[in-house]
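Q: Just passing along the structure, written as structure tokens.
Coordinate-derived values only; no laboratory data. All of these numbers come straight from a predicted model, not from anything done at the bench. Every residue, glycine among them, receives a Cβ derived from its backbone with ideal geometry; neighbour counts consider all protein chains shown.
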Amino acid sequence: MYLPSLAQLALGSRLKSLSDHFYGAVDEVYRTCGAGVESRWFPVLRFLWEHGETTVSDVATAIGQTHSAVSQLADKLVDAELVERRKDAQDGRRSLLALTAKGRQALSALGPIWVAVRRGIMQSLGEDGLKSLLTALSATEQALQERPVVEAMLAEHAALTSATLEVVPYDPALKEHFYRLNAQWLERHFRIEDIDRVLLGDPERYVLAPGGAIFFACLAGEVIGTCALLQESPGVYELSKMGVDETFRGMGAGRSLLAAAIAEFHHRGGKELFLESNSRLKTALRMYEQAGFVMQPAVRSGSHYERADVYMVYQPARGRGTRASAGKA
């Protein structure tokens, strides 16, 4: 499934999906049993059943919903004639919510259904599974009270946007990001070719062992880009496998990776540096040109890539500095 692959980013969506599933299941049971209530009404109705008349604010605090949400739900319950609003005898400025006779009658017949719902959920999830879920929910609610999530998210965003981009060499712990970033880019713009699968699947064998190098762009611990310097023959290198997470566009990752690869080429005393790309990648091609790569009149003889229709060779004197890009060789 797609949402689980997004981990924390899809937490709200996954919880909503589960919530809708349980709401729908209980509503179907209510309808089948002729209960005349809806599952989303349960927290308010049950609280009023157990505690008697009370204010919207008290209900909202008790069930962990906003005052506005409870007030809107109360309006629906009033329309359904299950709840009524009364003036507070001790404070005329306040209104109280209370079950009507119809509401009390409806709830008084729900005991068998509520037991069936409780037992049915236990059968479906299993006793251990249900216990683990309820424990996790309680821990989550407690953690959110102690450490509000909005504050935490904004603090992390501030740290990311103020962090300095770093380019680091290959580390086995980063191997998965070499595949992830390149596959993400290829699937969006072209397709993953067989040669891509081989090289991306084992970069230590097909990039590093033959004398190449791999770099990663990192921002506050997040790996947002990568590129490779492939050694084709002694002194001859190919700039390849540059991929930048497009959701981090404008952070300078493409420019920094390109600069690192060129610096490594010079450090090794390289004689020739080339790249293959595609004419559709206008932004990337401009970046390469400004770094000193010169367009050749024809594609490279013996090219391994179906998508390659551009061949460029590095000429240092032609470079005018690199610029940011989320392009890819």
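Q: Among the lysines, which have Cα under 24 Å from the Cα of Lys87 when same-chain residues fewer than 8 positions away are ignored?
A: Of all the lysines, those that pass the test against Lys87 - Cα under 24 Å, at least 8 places apart if same chain - are Lys76, Lys102.
Q: For labels at Lys76 and Leu3 in the simple 7 Å Cα→Cβ model, what's the distance in nm?
A: Each label point is offset 7 Å from its Cα along the Cβ direction, giving 1.9 nm.
Q: How big is the equivalent ellipsoid of the chain along its three axes, where each semi-axis is √(5λ) from the Cα gyration tensor, reported in whole Å from largest to smallest? Before the final figure, lay out each step's value.
A: Details: eigenvalues 788, 92, 58 Å².
Sorted largest first and rounded, they come to 63, 21, 17 Å.
Q: Can you pull the one-decimal nm distance between simple spin-label points at Val149 and Arg46, each 7 Å off the Cα toward Cβ?
A: The two pseudo-label positions are separated by 2.1 nm.
Q: Let me ask another. Provide the FRET efficiency to the nearest 0.05 for the Met295-Ala209 pair, computing r from the beta carbons and using R0 = 25 Å.
A: Computed FRET efficiency for Met295 and Ala209 comes out at 0.20.
Q: Give the relative contact order (percent, whole number) for the chain; include only Cα pairs under 8 Å separated by 6+ residues.
A: Numbers: 433 pairs, mean separation 34.4, N = 329.
Reported as a whole number, the value is 10 percent.
Q: Within region 270-319, list the trypsin sites (Lys or Arg not before Pro) lying in a DSSP loop whose Cβ has at most 13 other Cβ atoms in a 10 Å radius.
A: Details: sites: Lys271, Arg280, Lys282, Arg286, Arg300, Arg307, Arg318; in loops: Lys271, Arg280, Arg300, Arg307.
Within region 270-319, the qualifying trypsin sites (Lys or Arg not before Pro) (loop, at most 13 other Cβ atoms within 10 Å) are Lys271, Arg280.
Q: Counting other Cβ atoms within 10 Å, keep those with at most 12, restrict to DSSP loop, and tell me which chymotrypsin sites (Phe, Trp or Tyr not before Pro) in region 210-309 are left.
A: Numbers: sites: Phe215, Phe216, Tyr237, Phe248, Phe265, Phe274, Tyr288, Phe293, Tyr305; in loops: Tyr305.
Nothing satisfies the criteria.
Q: How would region 1-126 be classified by its alpha-carbon gyration tensor: rounded, prolate or oblate, with rounded meaning a/c under 1.5 and the a/b versus b/c comparison settling the rest?
A: In terms of gyration-tensor shape, oblate.
Q: Follow-up question, since we're still on this one. Going by alpha carbons, how many degrees (0 to 90, nearest 10) lie between the helix axis of 67-79 and the longest principal axis of the chain?
A: 50
Q: Report, ordered by chain and residue number, the lysines lying within cross-link reach of Lys282, taken as a straight Cα distance under 18 Å and ignoring same-chain residues fewer than 8 apart.
A: Candidates past the 8-residue exclusion: Lys241, Lys328.
Q: GNM, the chain, Cα, under 10 Å: largest mean-square fluctuation among Ser303, Ser279, Ser95?
A: Comparing Ser303, Ser279, Ser95 in a Gaussian network model of the chain, the most mobile one is Ser95.
Q: How high is the relative contact order of region 12-134, given as a whole-number percent (alpha carbon pairs under 8 Å, six or more residues apart)?
A: Working: 99 pairs, mean separation 26.6, N = 123.
It rounds to 22 percent for region 12-134.
Q: Taking the dipole about the Cα centre of region 161-318, with the C-beta of Lys and Arg at +1 and of Asp and Glu at -1, give me whichever of Ala317, Leu258, Phe190 is farthest to the positive side.
A: Value: Ala317.
Q: Working only with C-alpha atoms, what are the Rg and Dmax values of region 161-318, expressed in angstrom?
A: When restricted to Cα atoms, region 161-318 yields Rg and Dmax of 14.6, 45 Å.
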